[in-house]
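Okay, structure first, notes after.
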């Protein structure tokens, strides 16, 4: 089994992944499968106030979303998110999306 095939197995496993809808700005909605990533808390300092923030991170296959953009929308269950940033994994198979709750 190739690494790409293993990724597909993970993303089609209903225990690990879930159905979502991805809508690019100015485009049509598409059905995708996502895997919730395990985020690390981030320390944020604003006006001498410190807070811990846990980001919303989801992984999406490149085969389903070819070129995400900031502001695109991801709906997972009852939650709607706006894409803040994204990075592609080393194998160029998966986007990790950093999202803002909409």
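Each reported figure results from applying straightforward, stated rules to the coordinates on display, with no laboratory input. This structure is a prediction, so every number in the text was calculated from the model and none was measured. Here Cβ is always computed from backbone atoms with ideal geometry, including for glycine, and neighbour counts include all displayed protein chains.
General remarks:
- Approximate spin-label separation residue 73-residue 28, in nm, with each point projected 7 Å along Cα-to-Cβ: 1.7 nm
- Simple label model, 7 Å out from Cα along Cβ direction - residue 101 to residue 89, nm: 2.7 nm
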